[in-house]
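Q: Handing you a structure now.
The values are calculated or read from the model by the stated rules, or taken from the named source; none is laboratory data. Worth saying up front: this structure is predicted, and the values here are computed from it rather than measured. With ideal geometry, Cβ positions are generated from the backbone for all residues, glycine too; neighbour counts draw on all protein chains shown. Surface areas here come from the heavy atoms of the whole protein model, side chains and all, with no ligands, DNA or RNA. Shrake-Rupley method; radii C 1.70, N 1.55, O 1.52, S 1.80 Å.
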Amino acid sequence: MIKLHDLYFKPFVSEQELEGTVQRMVDQISEDLKDEVPVFVGILNGSFMFVSDFVKKYPKPCEVTFIKLASYEGLKSSEDIQRLIGLTQDLSGRTVVILEDIIDSGRTLAEVHRIFKNENVKKLIIATLFFKPEAYKRDFKLHYVGLEIPDKFIVGYGLDYDGLGRDLPTIYQLKTTQHMTNLVLFGPPGAGKGTQAEFLKQKYNLVHISTGDVFRYNIKNETALGMLAKSYIDKGELVPDQVTIDMLNAEVEKNADANGFLFDGFPRTNAQAEALDKLMDSKDSQINAMIALEVDDEVLVERLLERGKTSGRADDADESIIRNRIVEYYNKTAILKDYYSAQNKYFGVDGVGSIEEITERLSAVIDKL
């Protein structure tokens, strides 16, 4: 990601895809115009990179000129189109190809048609590198379109955000969730994960999503997903990952304006981690870190046996069961540690000490993110 002024942008169209798109448009237009010598008209400022690359690739004689129009203020296309530099040559009887960087609402295109209305050109052809069909409000024909894109703000390859970004060789898209921080909190049984989750969600104003709590809520309230999950549980089968992801998606949707999420109890496998990445990507966000509390096995056993005296949980009272739970945790976590380490997102934190000391260590990691 990159930051321009106060906003973050994520990669959207690569340099290679841009080059291929420009070449395709060149091939189409040169084939259609045959031996005509066209006048390519770029719309400044945004089209300068596109026009430059286009005419360098164009295989036949051509002429190039520019007009300068202004229609953007910050992130929004303004109602008024300002003509800053107009035509400086007679184009009567010529085939004119407008090379636009992007067409969204069509207001700039309307001004282009108004400019050329009395120029007596032989033919006016509109070619745009990017087109936002969702935003287009005009009836003017677009003869050549490079890429159709969603109605989201983009920068790069001539396009800017308040003056910055034109120099970028690739296209970036505005990140709609600007400052969301999403964490996966892991820890073996007895590591104090639940206690720390409570502190962290308060300190960083995160939404704590515990898989166990989500399952219990959906089953208790007999939601469609809860009933589906229960049907598997009643048969002694594992609940499919997609059912769990759909439950998590519902929780994320309910808290779309959150500062971020603290996932607890999920993922537990590579497939689940990949599914969670896809889920967060669909929300224009990502998992920022997996933070694992690291505690020596003997300390864990001691803690859980002590907890078992008051918790009433049978699995906290039997040492052999406790040790099996710890082994199972490490078998699963080892896989996920590799998954998140490959993305430089795995952070191990010493889970031995007072609650305050452990919270301070966790906070040090989160603050650096």
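Q: Rolling a 1.4 Å sphere over the protein heavy atoms, what is the accessible area per residue of region 171-247, to the nearest Å²?
A: On the way: 3830 Å² over 77 residues.
For region 171-247, the per-residue accessible area is 50 Å².
Q: Still on this structure, I have one more. Any idea of Leu164's accessible area? Nearest 10 Å², probe 1.4 Å.
A: Result for Leu164: roughly 70 Å² accessible.
Q: Now for a different question. Relative contact order for the chain: what percent, with Cα pairs under 8 Å and sequence separation of 6 or more?
A: On the way: 589 pairs, mean separation 52.3, N = 369.
Computed value for the chain: 14 percent relative contact order.
Q: Kindly provide the trypsin sites (Lys or Arg not before Pro) of region 98-157 that DSSP labels as loop, not H, G, I, E or B, and whose Cβ sees at most 11 other Cβ atoms within 10 Å.
A: Values: sites: Arg107, Arg114, Lys117, Lys122, Lys123, Lys137, Arg138, Lys141, Lys152; in loops: Lys117, Lys122, Lys137, Arg138, Lys141, Lys152.
Counting only loop positions with at most 11 other Cβ atoms within 10 Å, the trypsin sites (Lys or Arg not before Pro) in region 98-157 are Lys117, Lys137, Lys141.
Q: State the extension gain, in nm to one decimal, for the chain segment bounded by Glu19 and Ile335, taking 0.36 nm per residue of separation less the distance between their alpha-carbons. Provide the component values of the computation, followed by the final result.
A: On the way: separation 316, 0.36 × 316 = 113.76 nm, distance 3.90 nm.
Contour length minus the Cα-Cα distance gives 109.9 nm.
Q: Still on this model: Only Cα pairs within less than 10 Å get springs; with that Gaussian network setup on the chain, which residue of Asp296, Asp234, Asp160 has the largest fluctuation?
A: Fluctuation is largest for Asp234.
Q: A further question follows. Quantify, in whole percent, the carbon and sulfur part of the accessible surface of the chain (1.4 Å probe; protein heavy atoms only). If you can, show how the numbers build up before the last one.
A: On the way: 9090 of 18730 Å².
For the chain, the apolar C and S fraction of the accessible surface comes to 49 percent.
Q: Here is a follow-up. Excluding ligands, DNA and RNA, what is the solvent-accessible area per residue of region 290-357 at a probe of 1.4 Å, expressed in Å²?
A: Values: 3980 Å² over 68 residues.
Here the residues of region 290-357 average 59 Å² of exposed surface.
Q: Check the straight Cα-Cα distances from Lys117 and name the lysines below 26 Å, setting aside those fewer than 8 residues away within the same chain.
A: Lys117 reaches Lys34, Lys68, Lys132, Lys137, Lys141.
Q: Of Val349, Ala364, Asn331, whose Cα points farthest to the positive end of the dipole of region 243-369 (charges on the beta-carbon: +1 Lys, Arg; -1 Asp, Glu; origin at the Cα centre)?
A: About the Cα centre, the residue reaching furthest to the positive side is Asn331.
Q: Oh, and also: Around Ser320, with a cut-off of 14 angstrom between Cβ atoms, what is the net charge of the other residues, counting Lys and Arg +1 and Asp and Glu -1? Write down the numbers at each step before the final one.
A: On the way: positive: Arg323, Arg325; negative: Asp297, Asp315, Asp316, Asp318, Glu319, Glu328.
Cβ neighbours under 14 Å give a net charge of -4.
Q: Separate question: Give the ranking of Ile291, Ile2, Ile321 by solvent-accessible surface, highest area first, calculated with a 1.4 Å probe. Walk me through the intermediate numbers first.
A: Values: Ile291 5, Ile2 40, Ile321 70 Å².
From most exposed to least exposed: Ile321, Ile2, Ile291.
Q: Given a 10 angstrom Cα cut-off, can you work out which residue in Asn288, Asn259, Asn118 is the most mobile in a GNM of the chain?
A: Asn118
Q: Then there is this: Compute, for Lys68, the solvent-accessible surface of its heavy atoms (probe 1.4 Å) with the complete set of protein chains present, and express it in square angstrom to the nearest 10.
A: 50
Q: Would you mind getting me the FRET efficiency between Val365 and Lys56? Use the beta-carbon distance for r and R0 = 56 Å, nearest 0.05. Walk me through the intermediate numbers first.
A: Numbers: r = 49 Å, r/R0 = 0.87.
Taking R0 as 56 Å, the efficiency between Val365 and Lys56 is 0.70.
Q: Okay, helix-only estimate at 222 nm for the chain: each DSSP H run of n ≥ 4 adds -39500 (n - 2.57), divide by all residues, round to 500 deg cm²/dmol; what do you get? Present the calculation step by step, with values, prior to reporting the outcome.
A: Values: 11 runs with 151 residues, N = 369.
Helices in the chain give a 222 nm mean residue ellipticity of -13000 deg cm²/dmol.
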